[in-house]
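Scroll down for the structure; my scribbles are underneath it.
The values are calculated or read from the model by the stated rules, or taken from the named source; none is laboratory data. Quantities reported herein were computed from a predicted structural model and do not represent experimental measurements. For neighbour counting, all protein chains shown are included, and Cβ atoms are generated from backbone atoms with ideal geometry for every residue, glycine included. SASA here: full protein model, heavy atoms, side chains in, ligands and nucleic acids out. Shrake-Rupley method; radii C 1.70, N 1.55, O 1.52, S 1.80 Å.
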Amino acid sequence: MNSLGPKQSGRRHLAFPGEVLVGAHDWLIPYSIPLRFFVAASFFQVLAWGLMALGYGDVAGFRGGPGVILAALHALTLGVLAMTAMGAAYQLLSVASGITLKSYFMCRLSSWAFLPGTFLLVGGMFHSNTTLMFVGGVLAVFGLLVFGAVIGWIFYKTQTLVMTVQHGWIALASLVLLGLAGVSLILDFDTGFLGTSTLAAHAELALTHAILGGFGFMGLMVMGFSYILVPMFALSPAPDPKPSTLAFGLGALGLVLALSGAWLGATLLTLSAVPLGLAAASIHIWLMFKAMRTGMKKRLGVSFVMVRLGWALMVLAILLGGLSLMFPEILNMPALFGFTLTFGWLLTFLTGVLQRILPFLAAMHAHKLSQPAPRLSELGQEGKVLKTHMIAHCSALTLVALGIASDQDLIILVGALVGMVGAVSFLWFTLGVSRYLGKLYNNEPLPEQP
């Protein structure tokens, strides 16, 4: 881990997160590192909706197992959600903490393993090929663990970002368990070793895996980084640490109870996590709305329409999680819960945030090179494209959710196809930023970035 030492001895001591924007260009990492994750995530979003459209007849009744729907789910969870989190964390932590790395080899290594690993895993699930699934899964887990080592080191070194770091440590612990559970589930398809001795059965471990991924790793990462992102873009003071700590404590306790109940097959124990999760989410959302209300920047655009919708879907996902345990046969509740958690809350929130991060990244690199901030036309007609994405995405969520609840496959197909339209629009936006940054550096007399 010697390559993870700080390049500069200074730290950023910020009065409030909005100050992250001041001098942010001094803490930028090579643009190719976060951008490779963001572009890949945009491609995988198209793939996830496309796979759902291809397997539309199996969506409402999906309860697990290899095939096109499991491939669609992991194209989203790993290919979009985790991919976005990795790219954002690498850049955001450097800007917010002021801690940079002597070498970016570890960041690149995580991408060299995670990108092809995710592709192989999704392909293996699509073809029900357990060998391909295992190879892809091991590569993806290795990439995630390298990522965890890098940001864990930054968490350890930083003296600021208290709430983000607290959430981050639990998220990283969930990540390790998530990887172990995922590889075990793949191996069990061939060996059937789960359910023996003290091991949980496949269904119990699959539920544990879902909770670790949706609420543990991704959920806590999203909530933790929100304490930086929302005040940063709203130019507001930092959230009050007391209610922030309370929300974190309630959420962490709820996660432990949910995981324990899922592992043991104890439904009542898992259900006890629901009110704790709702309380944690309510406090967190209240703090975020307070940050937006007290911030100097009031007009936050289309991106924060998506962010607000994501918060509403977070509460709905927690409620549906409880209902899916109590009434699994009503309204195809398990599938409705899974869809709301992944395509609803997490995808909606992250695409909303990414709409802010990508132009921010482009503007900061332009400023670093003493160039004017990019125009909308240079970023692929950002305004029109992102409005198209928002309308298509919200329509797709509504249609697919209605199709699942009413068991109408045709509605699910239409919804998935509309989701693809939105995903293609978002991909166009991402590629516009990529093209802009490539031209920006190609026109400068500077060493080419790796």
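Structure data summary
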quantity	calculated
Filtered residues of the stretch 181-197 (kept if closer than 22 Å to Ala82 by Cβ, touching a residue at least 24 places away in the same chain (Cβ under 8 Å) and either out of contact with any Gly (no Cβ under 8 Å at 6 or more places or on another chain) or open to solvent by less than 20 Å² (accessible area, probe 1.4 Å) (or both))	Ala181, Gly182, Leu185, Ile186, Leu187, Phe189
Check on Thr267, over 22 Å from Ala335 (Cα atoms), hydroxyl-bearing (Ser, Thr, Tyr) and more than 16 Å from the chain's Cα centre (by Cα)	no
Residue among Phe114, Phe126, Phe142, Phe147 that alone is modelled with pLDDT of 95 or more, under 16 Å from Pro66 (Cβ atoms) and aromatic (Phe, Trp, Tyr)	Phe126
Given (1) surrounded by 18 or more Cβ atoms within 10 Å (Cβ to Cβ); (2) aliphatic (A, V, I, L, M); (3) part of a helix (DSSP H, G or I), number of the condition Ala200 does not satisfy	(3)
Flag if Phe215 is of a type in the set (Phe, Trp, Tyr), open to solvent by 20 Å² or more (accessible area, probe 1.4 Å), closer than 28 Å to Val135 by Cα and modelled with pLDDT of 90 or more	yes
Test result for Leu402, at pLDDT 95 or above, under 24 Å from Leu73 (Cβ atoms) and either in contact with a strand residue (DSSP E or B) (Cβ under 8 Å, 6 or more places away or on another chain) or open to solvent by 40 Å² or more (accessible area, probe 1.4 Å) (or both)	yes
Condition met for Leu316 (part of a helix (DSSP H, G or I), under 29 Å from Val433 (Cβ atoms) and in contact (Cβ under 8 Å) with a residue 12 or more places away in the chain)	no
Among the residues listed as Leu35, Leu54, Leu73, the single one being in contact with a Gly (Cβ under 8 Å, 6 or more places away or on another chain) and open to solvent by 30 Å² or more (accessible area, probe 1.4 Å)	Leu73
The stretch 322-339: number of residues that are in contact (Cβ under 8 Å) with a residue 40 or more places away in the chain, open to solvent by 10 Å² or more (accessible area, probe 1.4 Å) and part of a helix (DSSP H, G or I)	7
Filtered residues of the stretch 156-177 (kept if under 20 Å from Leu264 (Cα atoms) and open to solvent by 20 Å² or more (accessible area, probe 1.4 Å))	Ala173, Val176, Leu177
Hits in the stretch 405-440 (condition: open to solvent by 60 Å² or more (accessible area, probe 1.4 Å) and either within 24 Å of the chain's Cα centre (by Cα) or over 22 Å from Ala72 (Cβ atoms) (or both))	Leu417, Val421, Val424, Trp428, Arg435, Lys439
Unmet requirement for His365, which otherwise passes all of (1) modelled with pLDDT of 95 or more; (2) within 22 Å of Leu92 (Cβ to Cβ); (3) open to solvent by less than 20 Å² (accessible area, probe 1.4 Å)	(1)
Matching entry among Thr164, Thr158 (being modelled with pLDDT under 95 and either out of contact with any Lys or Arg (no Cβ under 9 Å at 6 or more places or on another chain) or aromatic (Phe, Trp, Tyr) (or both))	Thr164
Long-range neighbours under 9 Å by Cβ, at least six apart or interchain, first residue under 15 Å from Ala113 (Cα atoms) within the stretch 136-154, second modelled with pLDDT under 95 and not in a helix (DSSP H, G or I)	Ala149/Met1; Val150/Leu101
